[in-house]
Amino acid sequence: MTDSPESTFFSQRLRLGDIDIAVDPVTVRDLPAFLAAVEPIARELMAGDVLAALAHNADGLIAAVCIGAKVQREWLDLQTADVLVELAAAVIEVNADFFAQRVLPAVMQATQALENITANQTGSGGTAGSPAWSAQASPTAM
């Protein structure tokens, strides 16, 4: 995220013992690993089974928290469960807010722009799937 005043809105600073932890939105670099860790948990949560989501996917939860909070697994493994819960809550809150307020609207805007381009291309004399300004294929061979 850029260093704009708005960027701090999606961050949380936690003090856990003698360590300061900044929880920021997940970066593109970490997104594949984060989503892979979260996906099975989210699937069970969507089914309404919180206990199963946590019991069956504890390693995924811990991995997602490590990625989202940028802490080492070795450090988190030595902490008590309340530290995991506090970090997990911060990671969820920061990333849910960020995705809902920044990423989703940007994706929706990009989708709309693509739909507009596609609609303009197919209705402008060009062939579907090609830019409207591209030359029509010649009916004669070269």
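Bear in mind that the values in this text are calculations on the coordinates, not laboratory data. Only a predicted model underlies this, so the values are computations on that prediction, with no experimental measurement involved.
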Whole-Hz couplings from phi, Karplus 6.51/-1.76/1.60, listed for the stretch 75-91; x for Gly and Pro
5, 5, 4, 8, 8, 7, 4, 5, 5, 4, 5, 5, 5, 4, 4, 5, 4
P(r) weight above 26 Å for the stretch 4-121, C-alpha pairs, percent:
29 percent
What residues have an amide H closer than 5 Å to that of LEU16, excluding those fewer than 5 places away on the same chain, when H is modeled at 1.01 Å from N in the peptide plane?
ILE21
